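Note sheet for the following structure.
Just so you know, all these numbers are worked out from the coordinates, no wet-lab data involved. Computed from a prediction, not measured in an experiment: that's the story for all the values here. Note: ideal-geometry Cβ built from the backbone for every residue, glycine included; neighbour counts use all protein chains shown.
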Amino acid sequence: MSIAARLTELGISLPEPAKAVANYVPFVQSGGLLHISGQLSNDASGGVKGTVGADVSPEQAQAAARMCGVNLLAQMSAALDGDLERVVRVVKLGGFVQAAGDFEAIPAVINGCSDLMVEVFGDKGRHARSAVGVYRLPLGFAVEVDAIVEVK
């Protein structure tokens, strides 16, 4: 099944990729590796903001991480001229969760993004990963995820 067909099957329509909000670029390709800058838990509705374990539930945070994954897919598509079939492997995700001091289920939150990569790319979506709790994320968003992707 093609990646486009999988996205349709999952009910995912890729948004317009987010523009950089500071002195960086949304993605850089170096050789066969595509490095995608951190994507926030943002969507057309305003996304998910707040602190996980305080005013954002673990379930909302996991959905927010999936939202980050959709935004990563949009950046991949932009970098690859709309051809996600060029993805060889999702190599690594870096996940950041704006977490309350006593919230420890950081990996479960980032599974929202990891699961999406496997749903979309199958075994090519299995990746190495870090999942880190942080005090604050840009613009108050609850989750941010960046990626390294091997492409052809």
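Helix 106-121 axis versus longest C-alpha principal axis of the chain: approximately 20°, rounded to the nearest ten. In this simple spin-label approximation, Arg89 and Leu10 carry label points 7 Å from Cα along the Cα→Cβ vector, and these lie 1.9 nm apart. The simple spin-label model puts a point 7 Å past each Cα toward its Cβ; for Ala22 and Asp55 those points are separated by 2.2 nm. For a quick check, take a GNM of the chain with Cα springs below 10 Å and name the residue from Ile106, Ile12, Ile36 with the largest mean-square fluctuation. Among Ile106, Ile12, Ile36, the largest GNM mean-square fluctuation belongs to Ile12. Each Lys and Arg adds +1 at its Cβ and each Asp and Glu adds -1 at its Cβ; summed about the Cα centre, segment 4-152 shows a dipole of about 320 debye.
In straight-distance terms, cross-link reach from Lys124 covers every one of the lysines whose alpha-carbon lies under 28 Å from its own, apart from those fewer than eight places away in the same chain; here that gives Lys19, Lys92, Lys152.
Segment 91-120 and segment 10-85 have Cα centres lying 13 Å from one another.
Going by alpha carbons, how many degrees (0 to 90, nearest 10) lie between the helix axis of 58-79 and the longest principal axis of the chain? Its long axis makes an angle of about 30 degrees.
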